[in-house]
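Here the structure is laid out as structure tokens; the discussion comes afterwards.
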Amino acid sequence: MKSLTRVSVVAGTAASAVLLLSAVPAFAHVSVSPEGVAAKGGYATVNFKVPNERDDASTTKLEVTFPADQPLASVMTQPVPGWKAKVTKTKLKKPIEIHGEKIDEAVSKVTWSADGKGIEPGTFQKFPLSLGQLPEDADQMVFKALQTYSNKEVVRWIEPQQKGQEEPDFPAPALALSAASDDHHGGDASDDKAAAKADAKSEGKEEKAADSDSSDTTARTLGIVGIVVGAAGVAFGVLAGRRRSS
């Protein structure tokens with residue numbers, strides 16, 4: 001009897017634990033990922049993905065702070081319907097050189113504010129940015145993001161991921177950088193070369209076709225001239241014969 005009671009208690013406790021765990025929502029977090037490749041020393045378009053984790057409030061603002069030790073000279077926003085973007089720049093202690101030009105300020109923060117309802121419960125929103133030039137001596141860029149809800153709650157996604165440790169409760173968005181490519185503007189140099197070769201072949205074919213057309217025209221002209229000359233010779237011979245006979 002006691003054993004049955006213990007089994008019942010254990011079973012009940014296990015069932016309660018399962019229900020408790022299933023009731024806890026699987027929280028997502030603000031993240032950043034490139035469209036294609038984010039190569040060291042190059043330019044890239046990235047998306048900050050913001051999910052709404054509240055059932056009773058909407059996300060109305062997102063603030064993304066850029067790492068001060070990895071200044072970017074070029075940061076461009078893409079219009080997002082229902083949102084206003086503000087780019088904040090800061091003077092650099094040490095100017096950087098981009099394409100032979102010295103830059104003494106860099107973007108330190110981008111803030112998106114909702115015009116309307118914002119990101120409603122059960123939905124997410126992507127915020128695109130064009131970035132460059134990316135660091136050449138780093139494997140990633142770590143940003144800090146503040147997510148503000150309509151009920152004034154602010155969630156701070158600012159904790160960096162430490163190597164060999166579990167993911168923190170509020171991880172900061174991290175952009176992984178791949179090996180540098182030949183084309184720092186995000187294109188594929190091999191594709192450009194292939195396109196150039198294709199153009200060259202096309203031009204060669206067009207030139208050959210033009211030469212062929214020109215040769216055909218010349219041959220036709222010479223043929224017509226030959227026919228005319230031959231006809232004139234025949235006519236001359238006939239006239240000469242008539243004169244002799246007369």
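The values are calculated or read from the model by the stated rules, or taken from the named source; none is laboratory data. All values derive from a computational prediction rather than experimental measurement. We work out accessible area using only protein heavy atoms, side chains counted, and drop any ligands, DNA or RNA first. Shrake-Rupley method; radii C 1.70, N 1.55, O 1.52, S 1.80 Å.
If you average over every viewing direction, what projected area does the convex hull of the Cα atoms of region 85-124 give, in nm²?
Average projection, Cα convex hull of region 85-124: 4.4 nm².
Largest first, what is the accessible-area ranking of L62, L146 with a 1.4 Å probe? Please list the in-between numbers first.
On the way: L62 0, L146 40 Å².
Result, largest first: L146, L62.
What does the extension gain come out to for D115 and A179, with contour length at 0.36 nm per residue minus their alpha carbon separation?
Additional length available on full extension: 19.1 nm.
Rg/Rh for region 51-150: what does it come to with C-alpha atoms and Rh from Kirkwood?
That ratio is 1.04, to two decimals.
Which whole-number percent of Cα pairs in region 141-182 have a distance greater than 16 Å?
50
Sequence-distant or interchain residues sharing an amide H contact under 5 Å with I103, placed H: which?
It is I96, E97, I98, by chain and number.
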